[in-house]
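As C-alpha cells, the structure follows; a few thoughts come after it.
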Amino acid sequence: MHYFDYAAACPIEEEALSVYIHASKKFFGNTGSLHDIGTDAKRLLEHCRERIAHMVGVEKAGIYFTSGGTESNEIALRSLQALRPNRSVIIAGGEHASIQYLVDQWEEEGVSVTRIPFTEDGVLNMAVLKATMNDETGLVIMQHVNGDIGTTQPVEEVNQLCDTYGALMHCDCVQSFGKKDLRAVSKVVDSLSLSAHKIGGPTGIGAVYIKPSLNVPPKTPSPAHESGMRPGTVPLPGVAAFTEAAGKSVDNLIENQRKISERKRWFLERMQECRESFRVVGNGNAVVGICLKGVEGQWAMLEANRLGYAFSTGSACQAGKTPYALTAMGMSKEEAKTFIRISFHPSHTRQEVEGLATVLKKTIHAHNLV
C-alpha cells in the first residue's frame, strides 16, 4: 500500500523506535521514585523536556508531556479559560475536532463563543476578527497550520490584536511542529500543543506548552507527575522516542520542505492532464486539498485504496463529516463531499507520486463513464 495520509499519522522512524526500545530496557524506573533507577529516569525525562523546549523556542518550565494533541489542547484551553472565566472566546472556524468539541461544550454551559470564518484561500478572515474582538474577549484559539488544507494561519497578526485587548491565545501546532520553524510563533502565544505521531514518533505521546508566567494551577491535586498538569506515570520511552523524532525533523526541516514541495509539484504536473476535473483547495505545507468535479471524495478514496493508494477525505478525528476548514471557507455541502486530502512525505519516490496521480486520473475517468 502506498501511503499518502501523513497528516493523519506517520510510521515511527527507525531511530525513534530504537530509542524507545533502549529507554524501555535501560530507563524503566518511575520518574517519581527516589532511588537511583528512578533518578536516572527523571534525568532522562528532564533532558527530553529541555530538548523539546529548545526546539520550540520556549522555557523548559512550561513544557508538560501528554498523551497527544487532543489532551494537549484540552489542558491548554481549560487552563487559559480558567484565567478569563467571565470573558468571551473566539475560535477560528477551521480548528481541529478536539478543540471544536470542547468549545461546543463551553457554549452549552453559557460561554459566549464566536467562530471566525476563513477566506476563500483558507486563511483566517482578519477583517471579521478585527470587527469581532473587543475588551470582553478573553481567549483566542487558532491552528498554526490547518490539518485539512495545509494553510498557514496569521498567528503573529492575531497576537497583536490579543495584546490590544488583553486576551490570551492558544495555538494548535500539531501539524506544524517539525515541519515549520515555531520560534516566531512560540514567542507570541500563551500556550501551544504538539504531537509525536505526526513527525515519526510513537502514537500516544505529545506535549503542551503553557507560559510559566501565567502561574496556571495544577489540574490534579497530586503534583507527583508533570507538576500536576495531568495524572499518571510519565511514559518515558515514548517521551524519549518523541524527542528523537522531533530532533530529526527539526534538524532536517529545510531539506524536508524542499523535498515535499518537489513531490507536490510532480503530482500536480501529472494531474494537469485532467485539470478540468478537479480544483485545488488550500495546497499548503505538506498537504494538497482537492475537490473532484462530480466525484464524491469518499468514493475516490475507496477506489484508490482498492488500487493500493491511501489518502483521506479530511482529519481522521472527523471522519465521515464535512471538514471544518471547508465549512469555514463557505463551501457548500455538495462540493465538500467531493473533497480529498493528500499529504506528502520526504520519503515518497517520484514513481509513487506519479502512480498516485495516475490512479486518481483513472478513478475520475471511471466515475465519469458510469
Filtered residue count, the range 268-303, keeping only those that are open to solvent by 80 Å² or more (accessible area, probe 1.4 Å) and on the phi > 0 side of the Ramachandran plot: 0
Members of the range 333-358 found to be within 16 Å of Lys293 (Cα to Cα) and in contact (Cβ under 8 Å) with a residue 12 or more places away in the chain, listed by number: Glu335, Ala336, Lys337, Thr338, Phe339, Ile340, Arg341, Ala357
Please determine whether any residue of the range 87-95 is of a type in the set (Asp, Glu), under 24 Å from Met329 (Cβ atoms) and either touching an Asp or Glu at 6+ places or on another chain (Cβ under 7 Å) or open to solvent by less than 10 Å² (accessible area, probe 1.4 Å) (or both). yes
Could you give me the residue pairs with C-beta distances under 6 Å whose first residue belongs to the range 27-42 and is in contact (Cβ under 8 Å) with a residue 24 or more places away in the chain and within 19 Å of Ser227 (Cα to Cα), whose second residue is open to solvent by 40 Å² or more (accessible area, probe 1.4 Å) and not in a helix (DSSP H, G or I) wherever it lies, and which are 6+ apart or on separate chains? Asn30/Thr233; Gly32/Ala224; Ala41/Phe27
Going by what's in this entry, would Gly122 be described as of a type outside the set (D, E, K, R), touching a residue at least 60 places away in the same chain (Cβ under 8 Å) and outside any helix (DSSP H, G or I)? yes
For the structure I just gave you, tell me whether Val295 is touching a residue at least 24 places away in the same chain (Cβ under 8 Å) and in a loop (DSSP other than H, G, I, E, B). yes
I'm trying to understand the selection: among the residues of the range 48-59, which are open to solvent by 50 Å² or more (accessible area, probe 1.4 Å) and either closer than 30 Å to Ala97 by Cβ or in contact (Cβ under 8 Å) with a residue 60 or more places away in the chain (or both)? Arg51, Glu59
Do we find that Val145 is modelled with pLDDT of 95 or more, over 24 Å from Met229 (Cα atoms) and open to solvent by less than 70 Å² (accessible area, probe 1.4 Å) in this structure? yes
Out of all the residues in the range 179-202, which are under 13 Å from Val155 (Cβ atoms), open to solvent by less than 40 Å² (accessible area, probe 1.4 Å), out of contact with any Asp or Glu (no Cβ under 8 Å at 6 or more places or on another chain) and not in a loop (DSSP other than H, G, I, E, B)? Ser186, Ser191
Residue pairs, Cβ under 7 Å, 6 or more apart or interchain, first in the range 202-228 and modelled with pLDDT of 95 or more, second assigned to a strand (DSSP E or B) and open to solvent by 30 Å² or more (accessible area, probe 1.4 Å). List them. Ala207/Tyr64; Val208/Tyr64
Test each condition in (1) under 25 Å from the mean Cα position of the chain (by Cα); (2) open to solvent by 20 Å² or more (accessible area, probe 1.4 Å) for Glu334 and report the one that comes out false. (1)
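The values are calculated or read from the model by the stated rules, or taken from the named source; none is laboratory data. The shown structure was predicted, so the numbers you read here are calculated from the model rather than taken from an experiment. Glycine also receives a Cβ, built like all others from the backbone with ideal geometry; neighbour counts cover every protein chain displayed. Accessible surface areas use protein heavy atoms only, side chains included; no ligands, DNA or RNA. Shrake-Rupley method; radii C 1.70, N 1.55, O 1.52, S 1.80 Å.
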